[in-house]
Structures are given as C-alpha cells and as structure tokens.
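Step one of this worksheet: look at the structure below.
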C-alpha cells in the first residue's frame, strides 16, 4: 500500500492528507462518523502521528485511533503506548477522542492501556483472532463487572463451527470453508490438538468434514492463558517500507508525487 503513497505513507504529505480528511468529513455531512486510524509514521525518522492527528482533529473527525508502531516495524517489537499518551495530550484541548491500538491481547491489557495513556478507548486487531469473546470481556472490564473466563475447548469448537456455518451461509460452502481455514490455528491456540487433525482442519472442504474433524478433538480442556493469551496473527517486523520515488523529499505534494497517486487511483485494488 505504501508503494503508491497510501497507508502509513499518506500522512507524510500533509496537504494531501488534510485534503482527503476534509473531503471525507464534508461528504459524510454529519450523517456518518468519520474517523482516522494511523500508525506512528513511516519509520522512527519520519514520524507523522502528531501532525496528522492534529490535522484530523482540526478537520472535524469523530475520533483518531493510533497504532503504536511505525510502518517499518510492521508487527514486531512492542507497541509504543507512550506515543498514544502524547497524542491524547495533544488532542485533549481540541476535544477529539483518541483510541489506542497495539498489543491488546486481554481485557487487562485494555484497562492497562487506558490507565497508562489516558486514551478514551481501545481498538482491537490481532487480539480477537480466534477469540471473538474478547469483546464481551472488554465490555465487562470497562463496566467494572467481573470479566468472564475464557471458554473451554468445547465452547471454542461451538464458536468455530458457528463461524464456519455463517461464512458458508453468506459465501457458499466452497468459499466459506476455504475462508474458515485460516482461522483454525487462531481458534486452537493454547489447546492440545493432534497434529494430523490440525492439518486436516487447515484443508477442510465441507461442513460435514468439519463436523467429523471437530468430533475427534477432546474438548474437555481449559484455555492455556500462558500460550493462548499472548500475541497471535502476524508477528513479523522491521522491514523498510517501499515508497514512491522521492516521496520523502518533501512533506508536501509535488508534480511527480501527484502523478504517482493518479496511477494508484486507477489501479485495481481488489476491494
């Protein structure tokens, strides 16, 4: 995405970023909340989050969400919650809420982030992969209610099957079963499941086959929080982002950069 000047590369061009945010807010005409979610910047030498956050607030977004990593970090290292605190302090006088994102794996993580950063809320990404009940735990935590325990493997398998069932209902059996495959490792993380069953689940082709495989799993297992409650999903990091030629020469849009963006606009993105 950064190769064409999008994603984390976009806020570097301050005038372009402002124009896009302004156009989106004006087009919504107050009927749909417009928010901005961003990373700290391209890399540690090209941080953009404070300037971009202020710009977004000035243009009237409903809130700003910050992932405490740069594009170069990808999903490696530890999310910088101090950056979230800095953005919150900057936007507080403008009255724009700030949501924090990065390394929220449990409800306790979310509470800790809000306490440490002053953020108005959190955004969950990889932490909910294979753990959709995390949102219920978050609601309870922020209400001050007892946090529901993680389900046993039996409960996880019920959720997994329902997930597959809904995918098949929406997309058809072929596409639905193909899509659920990528969720198997996330759902089963922290549980003991025989290797050949895991492998077969990653190749499942029908609901009948899924039912047969799930029936081979011993569901009488509690969630292993030591293994399962930690990082999940993509964990790679530290890769230099690809940018349009000369993108970093100026924080403002020039003719060459504008030409590159026009090419990006007519490219097929795949949705």
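So which residues in the range 138-154 are under 26 Å from residue 96 (Cα atoms) and part of a helix (DSSP H, G or I), if there are any at all?
Keep residues of the range 138-154 that are under 26 Å from residue 96 (Cα atoms), which gives 138-144.
Within the range 138-154, 138, 139, 140, 141, 142, 143 meet the criteria.
A quick yes/no check of all residues on (1) surrounded by fewer than 17 Cβ atoms within 10 Å (Cβ to Cβ); (2) out of contact with any helix residue (DSSP H, G or I) (no Cβ under 7 Å at 6 or more places or on another chain):
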residue	(1), (2)
2	no, no
6	yes, no
13	no, no
25	no, yes
44	yes, yes
48	no, no
54	yes, no
60	yes, no
74	yes, yes
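May I ask you to verify whether residue 119 is within 19 Å of the chain's Cα centre (by Cα), farther than 29 Å from residue 242 by Cβ, free of Cβ contacts under 8 Å to residues at least 40 places away in the same chain and surrounded by 21 or more Cβ atoms within 10 Å (Cβ to Cβ)? For residue 119, the condition - within 19 Å of the chain's Cα centre (by Cα), farther than 29 Å from residue 242 by Cβ, free of Cβ contacts under 8 Å to residues at least 40 places away in the same chain and surrounded by 21 or more Cβ atoms within 10 Å (Cβ to Cβ) - is met. Screening 53, 30 for residues that are closer than 19 Å to residue 96 by Cβ, in the same structural domain as residue 248 (by TED's automatic domain parsing) and touching a strand residue (DSSP E or B) at 6+ places or on another chain (Cβ under 6 Å) leaves exactly one candidate, 53. The residues of the range 169-212 that are surrounded by 15 or more Cβ atoms within 10 Å (Cβ to Cβ) and over 25 Å from residue 134 (Cα atoms), listed by number, are 173, 197, 200, 204, 207.
The values are calculated or read from the model by the stated rules, or taken from the named source; none is laboratory data. Bear in mind that the values here come from a model prediction, so they are computed numbers and not experimental data. In this analysis, Cβ positions are derived from the backbone assuming ideal geometry, glycine residues included, and neighbour counts consider all displayed protein chains.
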